Structure formats: structure tokens, C-alpha cells
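What follows is a short report on a single structure.
The values are calculated or read from the model by the stated rules, or taken from the named source; none is laboratory data. Everything quoted here is computed from the prediction, not taken from an experiment. All Cβ positions, glycine included, derive from the backbone under ideal geometry; neighbour counts span all protein chains shown.
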Amino acid sequence: MSEESKLALLDHWRSIKKRKWPVLGLATALAALGAAVAFSMTPVYRSTATVLIEPGKPKFLSMEDMLGGAMQTKEHYQTQVEILKSREVALRTVNSMKLWTNPEFDPRKADASVTAKIKSMVGLSAAQTDWTEETLADSTVKPLMSNLSIEPVRLSQLVKVSFDSPDAKLAARVANDISANYIESDRDAKFKLAQGLNGWLEKRATTLRENLLESEKALQAYREEKGLINLSGSAQGLAGMQIGEVSQRLAEARARRMQLEGTYNMVANTSNSDYSNVPSVANNPTVQEALRQEAAAQKLVAELSENLGPNHIKMQEAQSSLASAQRYLAQQRRSVARSMVQEYNLARQAEKSLETALTSATGGVQDVNRKEFQLQVLEREVSSNKQLYDLFMSRAKEMDAGSDLQAAVARIVDPAVVTTIPVRPNKGQIILVAFVLGLMIGAMGAVLLERMDNTIKGSESAELKLQQPVLAVLPALSGEALENVATMFIREPNSHHAEAIRTARTGIQLSDVDQRHRLIMVTSSVPSEGKTSTSINLALALAQTKRTLLIDADMRRPQVGVRLGMAANAKGLSNLVTGSSTLKDCVHQIEGSSLLVMPSGDVPPNPLDLLVSQRFKDVLRHLQPQLDFIIIDTPPVELVSDAMAVAPMATSTIYVVRATETPVPVIRKGLNRLQRSGANIMGVIVNGLDFDEAQRYYGESVNGGYGNTYYHGYSQQSKA
């Protein structure tokens, strides 16, 4: 949480704590009211039966297809729960128990509600109903369902069937009967469905039997027309074997022809009958033998040529043998080439012959296939009709034998019992809720009252709401201290009040330090905020170290002279301004202090005329250079305009507010009026704050932050 949120919560808590006793009183009163209401209510008892919804099991005699059996699914479970909530189940329960005979559900009894009484008084009574068992049951179903509760148990197949009634025995009976009627209703529905399906199957079986007879007749007529006995036997198998053999031989012949075709092309493209570059010719054994003979003859000629001349007889014989070997090699090559060409031509002829044979065999098999295809169509139709007829006949017999044997859709695992503890009203809960509600209402009321209270609660509250610095916070006084508050600074220098005045004096001395002679005006919003006593104490504090003059400019209700014990006819400000007395006669020194005081003097008929006069300005202009501080006590801003007249002449203005009394809008209005008149607001002094209450409820500490511990320690040292 942010600091602002924490502070807001702390403020709310303090507001509630401040008014804790009214909050607790309201909560107690509401709790007592809740207890009275709870004990006056009729107790209602609840009985609960637990029902186990069975999964969609296969029915007896394998009838799951016809009766919609399936494995348990979420949809199946939810569907059964909704059926259990249905009006049909409730109506069966009403009829089986004849609930309209029970006074609680009897629709014939007079309506005792306030609405019915009003309608009767104005002549709007309902028309008389001709009651029959049917109308009684219809009228009883709605109140029954309104008190019925069906709750599925999470992650299970269980359902809680609960019924609420002032009669505990009736609640148990209704819960059990609802569960039993739900199971019985499902069985009745399944039985009716089975009876209907049984009739439908019998009719369907008759139609299928007729279709089977017609398909068998068509099959037999086709066989007699084509002269077929069993065409799917040996004839088709022999034709298939023949085609397979021919296809295999054709593939071999085609492979042989393709193998020889390459050699044939090389032989055909050879010029000058030189077949030495044809691989098949060169690799022939006969050609290889001729090549060896030629090589042997060449070797002999080479050996003889080293020792004998060309005309030598041995050399000539060797040359003759070499020529014969070469002619023999060429002849063998040509012979092998011709044999390869012949072999290639024979392979081509064999391939064409096999292709012709395959075409002939394929045509014969296709004719057989066409006849067999039509025969198979007819046989399949007979077979399918026979299977369908057998299936339906089996189902019809199955339904007829097992229509009265149905698996239960659910079973009661925990019957409802009569309970002795009412489910409502929950007296303890009602009282607790009423008490908590009272606490909440009281707390909200306390926070609301605190929000509506727009007065100053301390230094933090003043700075936040007035946007002005707080010079000091003066404690609340009572009794003798309140009567002598004007001179408390010199009578009780170690008091809270005196310490707060010192804090204000320090703030005044530290502001406008460059200005030697200062004129400070003190005012407030309304009377009784303590501005006069504050002015006197501030003046006494400043007079301890500085030359200070206190002027009472509140000539409408002068209090400075009275508070300081001066004579009622003492000369003062009005006498000096009018010139009827000298300055010496109008300024008086307080006994036991160096403070100079100028009381208001004789009350003039119109004090504002004196304050706006030039003579008053001249008096201030004459006095200011001779003194360090001049404190002027002026009337409240909201009553008269005297303070607005003095404000422009003062160097600073101190605004006194009464804590927890003066509304903030009034204070803001007074500050705005002073600022518009030219006043320089130095700060605010909060007067009359109960420090104990402020610290307890608002978090305010003495003198804006020192605290009681510091103050008491300071006081003890001062006394020592």
C-alpha cells in the first residue's frame, strides 16, 4: 500500500476509535433486534437423501443401441440432474403422497398474507376454484418445488436431494419420495420406449423378409440366364494364372530385347565393318581367342625382325602367319556381330508375340469379370438383406423377452432421515450478522461524521486544509488556568501553553530576519477563538528579548487592558489617535515584564474611521522605528472590517483558529479576505487543542512533534 493509503486507513481507524462506544452500542442494539427476530421465526427442518446416478450401462440382453445406453459422460450426469429437478417428477410425488391433504400445502386454505387481505378489503378477491385432484396437484407442485433443493456433489456421481419444511417428518418423506419417483419415472419411460420399439421392429422385419425373397429370386434368374454355376471358381482362376504367366514371360522378353538393343545399335552404327569397339563383340570368347593368336604372331614377327631381314624365309613365314591371324580375327568379329543382330531380331519377334497373347488373354478375363461383377452385385444384395433381416428378427425377439427388465438409472445410497435440528433460522448466525452489520454501519457513520466535521484537529490538519504554516498549537485550558490564560506565559513558564508560545516566538523571530522593526497583526475568524490571550502571551514572550509594544486595536470589545488588570479608564489608542492624550499617557508598562501596552482607550463611536485615518498611520509610522516588535490585536474578520483596514499596514499577520470548533470554510474565507486586502499571512496558531484526545484520535503530538515525553523531561530540567 502507498503511504497515502496507509494514512487514510489510519485516519479512518482513529475516527472509529473516537466514537467506539456509540458504534458498539449500535451493534449491540442491532444484535438484540436480530435475536428477537430469530427467536420469533418458525423453525424449518431440512432432510437430505443422497442419490447415486448410475453410468449409462448396457441394458439387459444387449439392448443398449435401442435404449440409448452409453458410457457415463458429463452430459449424461447433468441431464439426469435436470430431470430430477423437473416438474414431472415433482408432480408424481404430489400425486403419490396426496400432498394437498397436508395443511402446509393445501391450496384451499385462505391466504393469510397482507396482500390477500388488502385485495379482500378492496373487493379484488380471487374467483372460486372448482377443486379436483388434478387442479389440487397442479396448485401444490409450485410450493413443493420452491422448497426443494437438488445439489450435485462435485467430482462425483452423487446428487443431494433436500427438502425444507416446518414438519421434520414430512421433510424426510418428501426427500425420499422425490428420489424414488425419479427412479420410477425413468423406468416407466424406458418400458414405454421398449414397447414402442418392439412393435416397430416387427413391422420392419416383415418388410425386410419380403426384400430378401425378391433379391434371392433375382440372383437365381441371372444364373439361369447366363448358364453360370459358380463363376468365381476354377475358370476365373485358370484365366488369371494364364495372364500372370504371359505377363511374366513378356516382361522377361522385353528385358532381353532392351538388353540386346544397345549392342544392336552399336553394331548398326559401325562403319567399315570394324567391330573392335563394340564391347559385346570384343568380349566374345571366339574373338578373344583370335586376338591371342594375332598377338602371338605379332610377337614372333617382332622377335625375328631383330635378327633377320625382311626377305628371310622365316621372316616371310611369320609375316604370312600374322596376316592369316588378322583375317581370322576380322572374320570372327563380323560373325559375332551378325549373330547379335539375329538374336536382337528374334527377341523383338518374341516380345510382339507375347504382347498379342497377353491382349487375347486379358480380353477373355474381362468378359469373365463383367459376368462375375453382376453376379457379385446380386449376391451382395442377397447377403445384406439376409443379415439385416436376421438382425431385426433377433432384436425383435430380444425386445419382446427383455422389455420388462430395465436397469435403474439411479439408486438411493443414503435415505433421508428425520432431523431434530432446524436448518433455519440460524439464530447464532443472525445475531452475529446483525452485530457485525451494526459494527459496519457504526464504523461508516463514524467515518462519515468525521468527514463532515470540517474543523481543525491539529497542526497537520491545519496545514493540509488551510495551506498555511502552523506557528504553534496551544493546548486547551479549563478552570483557573483558562481564567488567567492571558498572563500564563509569565505565571507558569514551564507549562504546555508557555512552551507553545515560545515555539511561536521562535517562528516569528526567524521570519523576515532582514526587517528590523516589524508590525504584526493578530486576528481570528470569529470571537472566542483566543486571539487576545494569544496576542498578550506572544507580546510577553517577545518582550523578554526585544523591545515590544502590544496595541489593542479591538476598540469594539477591548480585552487587553481587562486581561492585564489595567484601569478601566486607562488612556490608549483612541486617545492617542484623536490627540486627546500624549504618547506617554497612552503607553503602559506591565509589572514584572518589559512589555509595553497601549490599550484601546475610550471606545469611539466608529472605530473603523480611526483605523483608516491618516492619524493612525502616522502613529504607527512614529512608533515603528522605536520598537523591535509591535503586536496589534484586531477584531475578528467575519464580524467587522477593522482587521482588513490594519492588514496593509502590518508587515505580517498571524491568524488564530480554535481547534475542533471553527469551521474550515469560515477560516478560509477570513484568510482570503485578508489576502485580498493586502495582508502578508505569516502563519496560523491553533488554539484550544486537547492534546490527549488529539494524540489518541488524530495522531497529533504536543507542539506539532515534540511529544509528552520530551516536554515532561524539558519541564523537569527547567524546574531544577
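Condition check ((1) free of Cβ contacts under 8 Å to residues at least 40 places away in the same chain; (2) in a helix (DSSP H, G or I); (3) more than 19 Å from HIS588 (Cα to Cα)) across all residues:
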residue	(1), (2), (3)
ALA486	no, yes, no
ALA504	no, yes, yes
ASP512	no, no, yes
THR523	no, no, yes
LEU538	no, yes, no
LEU549	no, no, no
ARG556	no, no, yes
VAL562	yes, yes, no
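Sub-7 Å Cβ pairs linking a first residue in the stretch 283-294 that is touching a residue at least 12 places away in the same chain (Cβ under 8 Å) and surrounded by 12 or more Cβ atoms within 10 Å (Cβ to Cβ) to a second residue that is in a helix (DSSP H, G or I) and of a type in the set (S, T, N, Q), at least 6 apart or interchain, are THR286/GLN332; VAL287/GLN332; ALA290/GLN332; GLU294/GLN326, ordered by first then second residue. Among the residues making up the stretch 481-506, a single one is touching a Lys or Arg at 6+ places or on another chain (Cβ under 8 Å) and of a type in the set (A, V, I, L, M, F, W, C): ALA486.
For the stretch 470-490, state whether one or more residues are within 23 Å of LEU671 (Cα to Cα) and of a type in the set (Asp, Glu). Within the stretch 470-490 (the criterion being within 23 Å of LEU671 (Cα to Cα) and of a type in the set (Asp, Glu)), the answer is no, since none of the residues qualifies. Only residues that are modelled with pLDDT under 85 and buried (at least 16 other Cβ atoms within 10 Å of the Cβ) were counted in the stretch 421-462, giving 13. Quick one: would you say GLU492 is under 16 Å from LEU477 (Cβ atoms), of a type in the set (Asp, Glu) and surrounded by fewer than 23 Cβ atoms within 10 Å (Cβ to Cβ)? Considered against the rule, which asks whether it is under 16 Å from LEU477 (Cβ atoms), of a type in the set (Asp, Glu) and surrounded by fewer than 23 Cβ atoms within 10 Å (Cβ to Cβ), GLU492 comes out as yes. Filter the stretch 162-218 for residues that are modelled with pLDDT under 80 and not in a helix (DSSP H, G or I) and give the result. Within the stretch 162-218, no residue meets the criteria.
Within the stretch 573-600, the set of residues being in a loop (DSSP other than H, G, I, E, B), surrounded by 14 or more Cβ atoms within 10 Å (Cβ to Cβ) and not hydroxyl-bearing (Ser, Thr, Tyr) comprises VAL587, ILE590, LEU595, PRO599. ALA90 passes every criterion in (1) more than 27 Å from THR420 (Cβ to Cβ); (2) aliphatic (A, V, I, L, M); (3) at pLDDT 75 or above; (4) more than 37 Å from the chain's Cα centre (by Cα) apart from (1). The condition of being more than 30 Å from ALA29 (Cβ to Cβ), assigned by TED's automatic domain parsing to the domain that holds ILE536, buried (at least 16 other Cβ atoms within 10 Å of the Cβ) and of a type outside the set (D, E, K, R) does not hold for LEU482. Against the definition (buried (at least 20 other Cβ atoms within 10 Å of the Cβ) and either more than 17 Å from GLN515 (Cα to Cα) or in contact with a Cys (Cβ under 8 Å, 6 or more places away or on another chain) (or both)), how does ALA659 come out, yes or no? Judged against the criteria, ALA659 is a match. Among the residues of the stretch 460-469, at least one is over 28 Å from LYS17 (Cα atoms), touching a residue at least 60 places away in the same chain (Cβ under 8 Å) and outside any helix (DSSP H, G or I).
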